[in-house]
Ligand code: HEC
Ligand code: HEC
C-alpha cells in the first residue's frame, strides 16, 4: 500500500468514528490519536497509535493548562519582610494547585451545574463579590457577605470564615460545596450529598486525566478536593502594592516611605500607632490603633481579636457576636482607589469613610458582650475624635495596600476555554 493511501484510509476511519460520537462524547482515544509511519524504505509500513494522556485536558483547557509546563504556584517570590505563614502540612505544589484551579472554576461542583467557587469569588474584585449577598444554587443566597481571598496563607490566624468556624483552609474548602444555599450538595431536603459529587467528577474525562496526573490514579475523594482547593487558594498572593515598593526602600517599617505622599505617610503613622484615651474613652493623642488587630506588613487579623462592634445580620434585626475574623486589609481597594466590594461580614459599609466613621464612634450596644477590649478603653466604647484630615490620611494609606498582578495573572484565572 502506498503511503498516501494509508493516510487517507486512517483519516477516513477517524473522521467516521468522530462523526458517530455525540459532541460531548468525543473519546480522548479517538480525538488525539497520532498516526506514525515507518518510512524506512523496503520495510512494511507500521501504523502505531500513541494515546495522548492529556487529550481531554487539551480539549477543555486548550493552552490554559499544559501538564508538561505548569504555571508557577509553588515557588512564587515574596518580600523578605513577609514572615507569617499558616501553611501546616499541605505545602503548595504546582500540580495540586492546578487541579485546585480547575475545581475552583468548575460549575460541576454545584448540584445543578450553575455555580462555581468563582461565582462568588471573582478575580477582578480580589476574589470577593460585588453583591451584598451572593447567589447560590436554586435561588439560595449566602448568609454573609463574600470574602476576599488574598494572602490567606500569610497570616497568624489559621481559622477561616468571618466567624472562624473552619479550623483549617482544607476543612473550609469543601464546606461551600455542602452548603445547601451555596453549591447544594447538602444531603438534606432530598438533595444529594458530597459522595454524589465525588462519583460525578470521577466520570468526567478531564478529571480522570488530572487525577491520574496529580495522584497517579483516578480516584476522587473529598480529601483530595480539600488539598487541591486549599493549595490553589493559598497560592493567591499580592505583594506588588505601593506599600511594598516603599517598604523595600527603608530599613525600618516606621520610617516615612520615600514613594509615599505626605498624606499617605501620615496615614501610615496613624494606622500603626496606638491611641491614648481619657477616662471617658475619648482619644486625646496618638494614632488610631488599627495595627494592633490588622497587623502590618501582612495586615492579617490578630487571632485573639474579638468583634469590632459590627454585629448586624443581613436582612434581620438579629445580632451576631462571633464575627472576629477579617481578611487581610490588602486589596480592600484596587490601585486606582476603587473599592473591591462592600466591607464587614454583613457588607454594611460601602466605602472607607463609613468604616472610619464606625471606628471613630463605636456603637455602645449593651447586647454586645463580645466586643474587643481594645475598642472599649476605660469601659467606654472608643471615640477616636477624628479630624477629616486624619480620616482622609488613613484612607489614603489603606489604598497603598492595593496590588495589581493578582487581578489579572492567568494562573488565578479560569482555565476553561468555554465560559
Ligand atoms: C454562593 C456564594 C459562594 C460560593 C459558591 C463559594 N463561596 Fe466562599 N465564601 C462565600 C461567603 C459568603 C463567605 C463568607 C461566609 C461566612 O463567613 O459565613 C465565603 C468565605 C470563603 C472563604 C474564607 C475566607 C477567609 O478569609 O476566611 C474561603 C477560603 C472560601 N470562601 C473559598 C471558597 C471555595 C474554595 C469555594 C468553592 C468550593 C467557595 N468559597 C464557594 C461565598 C461563596
Ligand atoms: C480590636 C481589633 C480591631 C481594631 C483595633 C480594628 N479592627 Fe478593623 N476589623 C476587626 C474585625 C474583627 C473585623 C471584621 C469584622 C466583621 O466583619 O464583623 C474588621 C474589619 C475591618 C475592615 C473590613 C474588612 C473587610 O474585608 O470587609 C476594615 C476596612 C477595617 N477593619 C479597618 C480598620 C481600621 C482602619 C482600623 C483602625 C481605625 C481598624 N480596622 C481597627 C478588628 C479590628
Please give the calculated 222 nm ellipticity per residue for the chain, where each DSSP H segment of at least 4 residues contributes -39500 (n - 2.57) and the sum is spread over every residue; nearest 500 deg cm²/dmol?
-8500 deg cm²/dmol
What is the distance, in nm, between label points placed 7 Å from the Cα along the Cα-to-Cβ direction at residue 367 and at residue 195?
4.2 nm
For residue 321 and residue 138 in one chain, what is 0.36 nm times their gap in residues minus the Cα-Cα distance, to one decimal in nm?
62.9 nm
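Can you tell me how much longer the chain between residue 282 and residue 87 gets when fully stretched, taken as 0.36 nm per residue apart minus their C-alpha distance, in nm with one decimal? Kindly include the intermediate steps, with their values, before the conclusion.
Numbers: separation 195, 0.36 × 195 = 70.20 nm, distance 3.99 nm.
Answer, rounded to one decimal: 66.2 nm.
Determine Rg/Rh for the chain; Rg is computed over alpha-carbon atoms and Rh is the Kirkwood hydrodynamic estimate from the same atoms. Walk me through the intermediate numbers first.
On the way: Rg = 26.3 Å, Rh = 24.1 Å.
With Rh from the inverse mean 1/r over Cα pairs, Rg/Rh is 1.09.
Counting DSSP beta bridges with both partners in the chain, what percentage is antiparallel, nearest 5?
Working: 17 of 19 bridges.
Once the DSSP bridges in the chain are tallied, antiparallel ones form about 90 percent.
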For the chain, find the longest principal axis of its Cα atoms and tell me its angle to the long axis of helix 222-235, 0 to 90°, nearest 10.
60 degrees
Isotropically averaged projected area of region 242-403, using the convex hull of Cα atoms (one quarter of hull area), nm²
9.4 nm²
Out of 364, 108, 340, any idea which swings most in a Gaussian network model of the chain, alpha carbons joined below 10 Å?
364
Relative to the longest principal Cα axis of the chain, at what angle does helix 3-20 sit, 0 to 90 degrees, rounded to 10?
60 degrees
Angle in degrees between helix 262-272 and the longest Cα principal axis of the chain, rounded to the nearest 10:
80 degrees
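A short reminder: the numbers here are calculations on the coordinates, not readings from a lab. Since this is a predicted model, take the numbers as computed values, not measurements. Ideal geometry is used to build each Cβ from the backbone, glycine not excepted, and the neighbour counts take in all protein chains shown.
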